[in-house]
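Quick notes on the structure that follows.
The values are calculated or read from the model by the stated rules, or taken from the named source; none is laboratory data. Fair warning: this is a prediction, and the values are worked out from it, not measured in the lab. Here the Cβ positions follow ideal geometry from the backbone for every residue, glycine too, while neighbour counts run over all protein chains shown. Surface accessibility is based on the protein's heavy atoms, side chains included, excluding ligands, DNA and RNA. Shrake-Rupley method; radii C 1.70, N 1.55, O 1.52, S 1.80 Å.
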Amino acid sequence: MSRLADKVALITGGASGLGRGIAQRFQEEGAITFISDVNAELGLRVADELGVHFLPQDVASETQWESVIADILGRSGQLDIMVNNAGIFSSAPIDETPLAQWQQVLDINLTGVFLGCKHAVRAMKNNPGGAGGSIINMSSVVGLRGQVGGSSYSASKGGVRLLTKTVAVENAAIGIRCNSIHPGIIDTPIMDPIFSAAPDADALRTQIASTLPIGYLGDPARDIGNMAVYLGADESIYLTGTEMVVDGGMTIGLPR
Ligand SMILES: NC(=O)c1ccc[n+]([C@@H]2O[C@H](COP(=O)([O-])OP(=O)(O)OC[C@H]3O[C@@H](n4cnc5c(N)ncnc54)[C@H](O)[C@@H]3O)[C@@H](O)[C@H]2O)c1
């Protein structure tokens, strides 16, 4: 269990869901793991439970990016893995989507990832052993296709997909890799509004699962955490700019 030994990693949105699952797997694989989150109370509690470091951060603020990266470099001297995971979901038909809602989703889901890539590349260029590192951006299957009600969310995740490829091609020659993960349906608190609006949340879970070729919903640590370990580790050294779809077969077609 040391695929990430001695690597320094930052995972945004690490207080919950996929970020927490990734942090758990990074810690198990020997990384020096930092999580950041806008929810400081939950972030501190989760960091304590997992044995990782917590930093408060709003990913949409560039000044906060500067201080978070400076803090990590001050404490650990390098940054090897950057997981731009923090995100929010919103759903409304486009003709009922307020501009402020569009803006908020883009600010967090896309500008937040842009800032994370920008400041991670700056840090990784100056790593003590020479330039190098792995940036992992959380997109979605909804970054590959449209979704009813998903104008702002889908636009933000589609933007993350191509931002990833640009960061990858700009920095491939100096050993900084950048890849995106495209989860399908993973049961995390981001899904709460959908399940809590249903008359029977468990029946809805079962119904959604039945539409997936694999037949069940994804798990944060097992499915996304393990993919992030692979992308962060040197074993994926020849992968950059690629799209890792982790969706139980959701995008290949209906099961029957
Ligand atoms: N769960 C899924 O099915 C699924 C599918 C595809 C993509 N995703 C993406 O995965 C990522 C994680 O989602 P999740 O399911 O774990 O959701 P979640 O709601 O459980 O966790 C998201 C975390 O991000 C934090 N956050 C929100 N805004 C922030 C900000 N401005 N700055 C810093 N932190 C902020 C939240 O406090 C929370 O801890 C998101 O980018 C989401 O779009 C999730």
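A few points about this structure:
- Cα centroid separation, the range 146-209 to the range 1-57 (Å): 20 Å
- Counting only protein heavy atoms and a 1.4 Å probe, the range 52-137 has 44 square angstrom of accessible area per residue.
- Around D37: net Lys/Arg minus Asp/Glu count, Cβ-Cβ under 15 Å: -3
- Long-range HN-HN contacts of Q57 with modeled amide H, under 5 Å: D37, V38
- Across the range 145-256, the volume of the C-alpha convex hull divided among the residues equals 120 Å³ per residue.
- Local net charge near G133, Cβ-Cβ under 10 Å (Lys/Arg +1, Asp/Glu -1): +2
- Sum of side-chain charges, G225 neighbourhood, beta-carbon under 11 Å (Lys, Arg +1; Asp, Glu -1): -1
- All-pairs Cα distance distribution in the range 44-112, expressed in whole percent, bin size 5 Å: 3, 13, 18, 21, 17, 11, 8, 6, 3, 1
- Intensity falloff of the chain expressed as log10 I(q)/I(0), Debye formula with alpha-carbon point scatterers, at q = 0.08, 0.09, 0.10 Å⁻¹: -0.29, -0.37, -0.46
- The Rg/Rh ratio for the range 1-129, using Cα coordinates for both the radius of gyration and the Kirkwood hydrodynamic radius, is 1.01.
- Each stretch of four or more DSSP H residues adds -39500 (n - 2.57); spread over every residue of the chain, this sum gives -12500 deg cm²/dmol at 222 nm.
- Carbon plus sulfur fraction of accessible area for the chain, probe 1.4 Å, in percent: 55 percent
- Partner aspartates and glutamates for K165 [C-alpha distance under 16 Å; skip if fewer than 8 residues away on the same chain]: E243
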